[in-house]
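Reading through the structure tokens given below for one structure.
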Amino acid sequence: MYVHLIRHDNAIFCHCLGSMEIECSQCQALHWIEEKVAGSVLFPIFSTCCANGKIKLPTVNQPPEPLFLLLTREDSRSYNF
Ligand SMILES: [Zn+2]
């Protein structure tokens, strides 16, 4: 949940975007619902990630072993990596 406090004229306003949990159906990037293309209400369309499927990035290969372990382990060394 993203909440941003805005201070204006000695008053504090709360701006809440909700959770960033809406998945682009094309690339599975996560968005806030307010990022959808205007008018795409029932099935939200997003243009800021993959331009609604027009941009396709190659899949990422698994990194070499020392880096892979640092990225996937949950020990203190990996945590601070
Ligand atoms: Zn996308």
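Here is how the numbers come out for the structure above:
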item	result
Subset of the range 35-81 (residues that are outside any loop (DSSP other than H, G, I, E, B) and not hydrophobic (A, V, I, L, M, F, W, C))	E35, E65, P66, T72, S76, R77, S78, Y79
Test: residue in the range 47-55 that is under 13 Å from the mean Cα position of the chain (by Cα) and more than 13 Å from the ligand (Cβ to nearest atom)	no
Conditions (1) surrounded by 11 or more Cβ atoms within 10 Å (Cβ to Cβ); (2) closer than 20 Å to C16 by Cα; (3) away from the ligand (no atom under 16 Å from the Cβ); number of the one not met by L30	(3)
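Rule-based calculations on the coordinates, nothing more; no lab input. What you see is a predicted model; the values in this text were computed from it and never measured. Neighbour counts are summed over all protein chains in view; Cβ atoms, including those assigned to glycine, are modelled from backbone coordinates with ideal geometry.
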